[in-house]
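The values are calculated or read from the model by the stated rules, or taken from the named source; none is laboratory data. All values derive from a computational prediction rather than experimental measurement. Neighbour counts run over all protein chains shown; Cβ positions are idealised from the backbone, glycine included.
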Amino acid sequence: MFRLSPRIAAAFAIACAAVAPMSAALAAFPEKPIRLVVPFPPGGPTDTSARLFSKTMAEQLGQPVIVENRAGAGGSVGTTSVTREQPDGYTLLWGGTSSMVVAPALYPKLDYDPIASFTPIGMAVRGPLILVSRPALPSPDLKALLDLSRRQPLTVASAGTGSVGHLTAELFDRSAGVEILHIPYRGGAPALSDVLGGQVDLLFDTVTLLYPQIAAQKLRAYAVTGAQRYPQLPDVPTVAEVLGKPFEAYSWFGLMAPANTPQPVIERLTKALGAAARDPEVKRQLADLGLEPVGDTPEQFAQSIRTDLDKWSLVVKQAGIKPD
């Protein structure tokens, strides 16, 4: 019969003694409040969606989920701060398209890597963009707009160079075979103001920003960038429908933890995130923001990040986009 030597047996006993408290701690997670870092200021869809999910997740986890806004440098300050925290599940990041895929595509020397620096928990919400025009533009639908763009110069506004709206406009140009002049602004509100005022022809931006103006018939909506039509605008086609080829662009937010966070903790958080995504009141309030709940798995979220990072990095390269 095989016997361990006294030295090996002692070492094995010590290892087991060390693992037992750790396993018990993981099983009891969470035992204290969780911080959820939002890398943007209070207000707006990023912050609002985080607070919606934090409330419902707290009910699922039995501990408060406290939102902490850490804004700066386009989201990189708060995002970087999470990479320096202990990977124990008690400090999480509300990561989004701009900080997790657009910024890495634009800035190759960030202090974080969207893949290596984090453990994905799940995508929480996403929302398509909408292409709209100034009221007086003489094109009743997207096909007519494309024909017009080939006959005369058109302009498209965005919330800024390298914004999701800008990259979507560049992707649209290449997919549709047109060339529309990009006009960057410092934020979505001033871009929208100049489109409403007729100074710029077109704008790609979120449903949250544009739907009220579309509903008031102050803007014409040509197409949405999602896989399906937007429920509140059933007569507006998707870009893919009109072009006859795949085309998707979303603004999304999801939950992330520092790299090497233990798998049992990730599973617990993913379960709570999914429950929040299915909550009827969360769904209702997200719909008011032009967002749809997702609540997918860590593996699905990781694949979405990689896919978007590849897509937007290629657009940045092909368009020669240089950040301001």
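Can you give me the number of residues within the stretch 154-168 that are under 18 Å from LEU137 (Cβ atoms) and either in the same structural domain as MET100 (by TED's automatic domain parsing) or surrounded by fewer than 24 Cβ atoms within 10 Å (Cβ to Cβ) (or both)?
Residues in the stretch 154-168 being under 18 Å from LEU137 (Cβ atoms) and either in the same structural domain as MET100 (by TED's automatic domain parsing) or surrounded by fewer than 24 Cβ atoms within 10 Å (Cβ to Cβ) (or both): 2 in total.
How many residues are part of a strand (DSSP E or B) and within 18 Å of ALA136 (Cα to Cα) when one looks only at the stretch 200-211?
3
Mind listing whichever residues of the stretch 184-196 are more than 23 Å from the chain's Cα centre (by Cα) and touching a residue at least 12 places away in the same chain (Cβ under 8 Å)?
ASP194, VAL195, LEU196
Checking GLY274 against (1) under 24 Å from ASP47 (Cβ atoms); (2) touching a helix residue (DSSP H, G or I) at 6+ places or on another chain (Cβ under 8 Å): exactly one of these is not met. Which one?
Of everything listed in (1) under 24 Å from ASP47 (Cβ atoms); (2) touching a helix residue (DSSP H, G or I) at 6+ places or on another chain (Cβ under 8 Å), GLY274 misses just condition (2).
Among ALA215, ALA221, ALA287, which is in contact with a helix residue (DSSP H, G or I) (Cβ under 8 Å, 6 or more places away or on another chain) and of a type outside the set (Asp, Glu)?
ALA221
Just need a number here: residues in the stretch 188-199 that are closer than 13 Å to LEU131 by Cβ and in a loop (DSSP other than H, G, I, E, B).
Number satisfying all stated conditions: 0.
Return yes or no: is ILE130 under 17 Å from the mean Cα position of the chain (by Cα) and in a strand (DSSP E or B)?
yes
So VAL236 fits all but one of (1) assigned by TED's automatic domain parsing to the domain that holds ASP88; (2) in contact with a strand residue (DSSP E or B) (Cβ under 7 Å, 6 or more places away or on another chain); (3) on the phi < 0 side of the Ramachandran plot; what number is the exception?
(1)
So which helices (runs of 4 or more DSSP H) stay within the stretch 29-115 end to end and still have 2 or more residues that are surrounded by fewer than 20 Cβ atoms within 10 Å (Cβ to Cβ), without any contact (Cβ under 8 Å) to a residue 60 or more places away in the chain and touching a Lys or Arg at 6+ places or on another chain (Cβ under 8 Å)?
Ranges flagged: 76-83.
Can you name every residue in the stretch 254-305 that is farther than 29 Å from PRO212 by Cα, surrounded by fewer than 16 Cβ atoms within 10 Å (Cβ to Cβ) and not charged (D, E, K, R)?
Once the filter is applied, which keeps residues that are farther than 29 Å from PRO212 by Cα, surrounded by fewer than 16 Cβ atoms within 10 Å (Cβ to Cβ) and not charged (D, E, K, R), the stretch 254-305 yields ALA259, ASN260, GLN263, PRO264, GLN300, GLN303.
Within the stretch 133-153, identify whether any single residue is farther than 21 Å from PRO237 by Cα, outside any loop (DSSP other than H, G, I, E, B), in contact (Cβ under 8 Å) with a residue 60 or more places away in the chain and hydrophobic (A, V, I, L, M, F, W, C), and answer yes or no.
The answer is no; no qualifying residue exists.
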